[in-house]
Amino acid sequence: MLSDNPTAQQGDLVQLVSPSNKVFFVRLYPGGELQTHRGVLKFDDIIGQPWGTEILSHQGRSFYLLQPSLSELIQETRRNSQIIYPKDIGYILVNLSIGPGKKVIEAGTGSGAFTTALAWMVGDQGCVYSYETRQDMQNLAKKNIDRLDLSGNVQFRLRDIAEGFNEEYVDAVFLDLPNPYDYIGQVRSALKPGGHFGAIVPTVNQLERLLPALHNYQFSFIDIVEILLRHYKPLYQRLRPTDRMVAHTGYLVFARSVSSAQQG
């Protein structure tokens, strides 16, 4: 996790941003330096500086010292596959009620971008159980999580979830898989009563197969959303949308596990 100190400290992961929005992420250590096309930045000159401070390279070129945000860390994730983007991640976290102390399963670790967000939110008292079938992807995700000092919040599982989950009574399960409809029974067994289910799928065809599977395993309060993101140019003299927007990335599906009333 990022430190709560008001100044950058040895060992901190920091973000150095030029006025042209060129971004560098580095971890500070004594004697270290960052070489850029705008000059060299010495870490000894950065350690102890307040966040938001302007830092000058040896050429006198400006950079600003910032703590990386969760969104920026996710987008900076080293990846071998498509990641879930911040525009979707924020909505997923809120709808699954992910917070400190929660226990959550994700299946489809990939490069670990969403794992990062989950680990950040559950904190040291919670746990993320992340399932993946590909060793190479899991190795990359572990490196990404270790780099952010979040490995204590995550337990990685190299396993096909068709065999079921190791955990029971978890608060939420999220599937980022091409065929989530095949594993709803396993999800049901792992969730606590009333627990949260979520999934992301790119096509309507997958939705058409997922919905009956949720009904068959007694999931209710089903919600399907698609989030579109539109940026604006921050120029007060001529405020207008940017030429491109972030449109379809996937359909988000949410549901709650419920039980029928007992008869008798």
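For an R0 of 35 angstrom, estimate the FRET efficiency from the Cβ-Cβ distance between Leu235 and Arg134 and round to the nearest 0.05. Once the sixth-power term is evaluated, E becomes 0.20.
Just to confirm, what accessible area per residue do you get for the stretch 1-79 at 1.4 Å probe, in whole Å²? On a per-residue basis, 54 Å². Note on the chain: GNM, Cα springs under 10 Å; of Leu175, Leu229, Leu191, the largest mean-square fluctuation is that of Leu229.
Calculated [222 nm] ellipticity per residue, helices only, for the chain: -6500 deg cm²/dmol; basis is -39500 (n - 2.57) per DSSP H run with n ≥ 4, divided by all residues, nearest 500. Comparing Met121, Met137, Met245 in a Gaussian network model of the chain, where Cα atoms under 10 Å apart are tied by springs, the biggest mean-square fluctuation is seen for Met245.
Counting only alpha carbon atoms, the long axis of helix 113-122 and the longest principal axis of the chain meet at about 80°.
Given the options Lys102, Lys87, Lys233, which has the most mean-square fluctuation in a GNM of the chain, springs set between C-alpha atoms less than 10 angstrom apart? Residue with maximal mean-square fluctuation among Lys102, Lys87, Lys233: Lys233.
Taking a ≥ b ≥ c as the square roots of the eigenvalues of the Cα gyration tensor of the stretch 77-194, is the shape rounded (a/c under 1.5), prolate (a/b larger than b/c) or oblate? The shape class here is rounded.
Give me the percent of the accessible area of the chain that comes from carbon and sulfur atoms, probe 1.4 Å, all protein chains in place. Reported share for carbon and sulfur atoms: 48 percent. In this view, the solvent-accessible surface of Tyr217, computed with a 1.4 Å probe and all protein chains in place, comes to about 110 Å².
Quick check on the stretch 140-264: take the gyration tensor over C-alpha atoms, sort the square-rooted eigenvalues as a ≥ b ≥ c, and tell me if it's rounded (a/c under 1.5), prolate or oblate. The partial results should precede the final answer.
Numbers: a/c = 2.34, a/b = 1.48, b/c = 1.58.
Note, shape of the stretch 140-264 comes out oblate.
Under 26 Å Cα-Cα from Lys22, which lysines qualify once same-chain neighbours fewer than 8 residues away are excluded? By straight Cα distance, Lys22 reaches Lys42, Lys87, Lys143, Lys233. For the Cα atoms of the chain, what angle does the longest principal axis make with the long axis of helix 204-216, in degrees from 0 to 90, nearest 10? Orientation of helix 204-216: about 50 degrees from the principal axis. Solvent-accessible surface of the stretch 143-205, taken per residue with a 1.4 Å probe and all protein chains present: 44 Å².
The values are calculated or read from the model by the stated rules, or taken from the named source; none is laboratory data. Just so it is clear, the structure is predicted and the values come from calculations on it, not from any experiment. Using ideal geometry, Cβ is built from the backbone for each residue, glycine included, and neighbour counts are taken over all protein chains shown. Just the protein is used for accessible areas: all its heavy atoms, side chains included, with ligands, DNA and RNA removed. Shrake-Rupley method; radii C 1.70, N 1.55, O 1.52, S 1.80 Å.
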